[in-house]
Amino acid sequence: MFLYTKNFEEQKAKAMEGLSKALAEDKVDEDIITLLEKINALENYFTTSSCSGRISVMEMPHFGDKVNSVWLGKWHREVTVEEVLEAVGRHSIGQLWFLVRSPILHVGARTLDDAVRLLNLAIGLGFKYSNIKSVSHRKLLVEIRSTERMDVPLGADGELWVSEDYIERIVAIANDQLRRFKGKLKRLEEEVGKL
């Protein structure tokens, strides 16, 4: 069965309009813009959302409550121990977490064959958690995700449970993970034009 997206051109035009607005409002991670441009220049693909990956310190009422959580620090680049400690110092209530999230991209595809081709490329470049998120005549959506992730509880209600030495160690691991997934993004940027 040959599955294709109905109204693909309309969907792509709408997505490009949204991306243009996000770029104008400085809401797109700077280090992923070239990759987005390369994907969107392809005839059979368009991006709908993206994040280049990040390291963050977050205050949560309880784990998983994203709606009521507060970013105390968020970086899409390597971070220093001093920056993390400064963010930790702003903590006052709820749970305190140190988080690493790998890149994520959502890409619309014209046909199922196009979606599978992109999925295979992504997985081959190390984005092992990639998948086809939606399969229908209305939408074919590929999710490109990597494996790097950290969820480290640091304290609660203003109390720090770990030492500065421990924070220094997890920051080093986080920066290693960030370098790894930024390298994967760069390889994807180099290879995506072959689709």
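The values are calculated or read from the model by the stated rules, or taken from the named source; none is laboratory data. Just so we're clear, the structure is a prediction, and the values are computed from it rather than from any experiment. Here the Cβ is made from the backbone with ideal geometry for all residues, glycine too, and neighbour counts use every protein chain on show. Areas reflect the complete protein model, heavy atoms only, side chains present, ligands, DNA and RNA absent. Shrake-Rupley method; radii C 1.70, N 1.55, O 1.52, S 1.80 Å.
Does ASN44 meet the test of being out of contact with any Phe, Trp or Tyr (no Cβ under 6 Å at 6 or more places or on another chain) and open to solvent by 90 Å² or more (accessible area, probe 1.4 Å)? Talk me through it step by step, then tell me what you get.
Details: out of contact with any Phe, Trp or Tyr (no Cβ under 6 Å at 6 or more places or on another chain): yes; open to solvent by 90 Å² or more (accessible area, probe 1.4 Å): no.
Taking the combined requirement at face value, the residue does not satisfy it.
Output yes when any residue across region 49-61 is basic (Lys, Arg), touching a helix residue (DSSP H, G or I) at 6+ places or on another chain (Cβ under 7 Å) and either within 21 Å of ILE104 (Cβ to Cβ) or in a helix (DSSP H, G or I) (or both), and no when none is. Even if it seems obvious, please write down each step before you answer.
First, the residues of region 49-61 that are basic (Lys, Arg): 54.
Going one step further and asking which of them are touching a helix residue (DSSP H, G or I) at 6+ places or on another chain (Cβ under 7 Å), we end up with none.
Within region 49-61, not a single residue is basic (Lys, Arg), touching a helix residue (DSSP H, G or I) at 6+ places or on another chain (Cβ under 7 Å) and either within 21 Å of ILE104 (Cβ to Cβ) or in a helix (DSSP H, G or I) (or both).
Can you work out which of the residues in region 133-148 that are in a strand (DSSP E or B) and open to solvent by less than 50 Å² (accessible area, probe 1.4 Å) is farthest from GLU59 (Cα to Cα)? Write out each step before concluding.
Start the filter on region 133-148 by keeping residues that are in a strand (DSSP E or B), which leaves 133-135, 140-145.
Narrowing further to those that are open to solvent by less than 50 Å² (accessible area, probe 1.4 Å): 134, 140-144.
Working: SER134: 32, LEU140: 35, LEU141: 32, VAL142: 31, GLU143: 27, ILE144: 27 Å.
Among residues in region 133-148 that are in a strand (DSSP E or B) and open to solvent by less than 50 Å² (accessible area, probe 1.4 Å), the one farthest from GLU59 (Cα to Cα) is LEU140.
Check LYS12, LYS6 and return the single one that is in a loop (DSSP other than H, G, I, E, B), among the basic types (Lys, Arg) and in contact (Cβ under 8 Å) with a residue 24 or more places away in the chain.
Working: LYS12 fails: in a loop (DSSP other than H, G, I, E, B).
After applying the criteria, what remains is LYS6.
Here are GLU189, GLU168: which of them is closer than 19 Å to LEU72 by Cα and assigned to a helix (DSSP H, G or I)? Break it down stepwise before answering.
Details: GLU189 fails: closer than 19 Å to LEU72 by Cα.
After applying the criteria, what remains is GLU168.
Filter region 25-37 down to the residues that are in a helix (DSSP H, G or I) and open to solvent by 90 Å² or more (accessible area, probe 1.4 Å), then identify the one that is modelled with the highest pLDDT. Spell out the reasoning first.
Going through region 25-37, the residues in a helix (DSSP H, G or I) turn out to be 30-37.
Subset that is open to solvent by 90 Å² or more (accessible area, probe 1.4 Å): 30, 37.
Details: GLU30: 93, GLU37: 97.
So, considering only residues that are in a helix (DSSP H, G or I) and open to solvent by 90 Å² or more (accessible area, probe 1.4 Å), the one modelled with the highest pLDDT is GLU37.
As an exercise: evaluate VAL28 against (1) in contact (Cβ under 8 Å) with a residue 60 or more places away in the chain; (2) within 18 Å of the chain's Cα centre (by Cα) and give the number of the one condition it does not meet.
Failed condition: (1).
Residues of region 31-47 being in contact (Cβ under 8 Å) with a residue 40 or more places away in the chain, among the polar types (S, T, N, Q) and under 14 Å from GLY108 (Cα atoms), which ones?
Passing the criteria: ASN44, THR47.
For region 64-84, give me each residue that is in contact (Cβ under 8 Å) with a residue 40 or more places away in the chain and either open to solvent by 20 Å² or more (accessible area, probe 1.4 Å) or assigned to a loop (DSSP other than H, G, I, E, B) (or both).
First, the residues of region 64-84 that are in contact (Cβ under 8 Å) with a residue 40 or more places away in the chain: 76-81, 84.
Matches in region 64-84: HIS76, ARG77, GLU78, VAL79, THR80, VAL81.
What number of residues in region 95-117 are buried (at least 21 other Cβ atoms within 10 Å of the Cβ) and under 14 Å from LYS139 (Cβ atoms)?
Result for region 95-117: 5.
Looking only at residues in region 149-189 that are under 19 Å from PHE63 (Cβ atoms) and of a type in the set (D, E, K, R), which one is least open to solvent (accessible area, probe 1.4 Å)?
Here the residue is ASP151.
Taking ASN120, is it in a helix (DSSP H, G or I) and open to solvent by less than 20 Å² (accessible area, probe 1.4 Å)?
For ASN120, the condition - in a helix (DSSP H, G or I) and open to solvent by less than 20 Å² (accessible area, probe 1.4 Å) - is not met.
Restricting to region 47-58, count the residues that are surrounded by fewer than 22 Cβ atoms within 10 Å (Cβ to Cβ) and under 16 Å from LYS139 (Cβ atoms).
2
Which condition number does ALA87 fail, the rest of (1) outside any loop (DSSP other than H, G, I, E, B); (2) open to solvent by less than 80 Å² (accessible area, probe 1.4 Å); (3) in contact with a helix residue (DSSP H, G or I) (Cβ under 9 Å, 6 or more places away or on another chain) being met?
(3)
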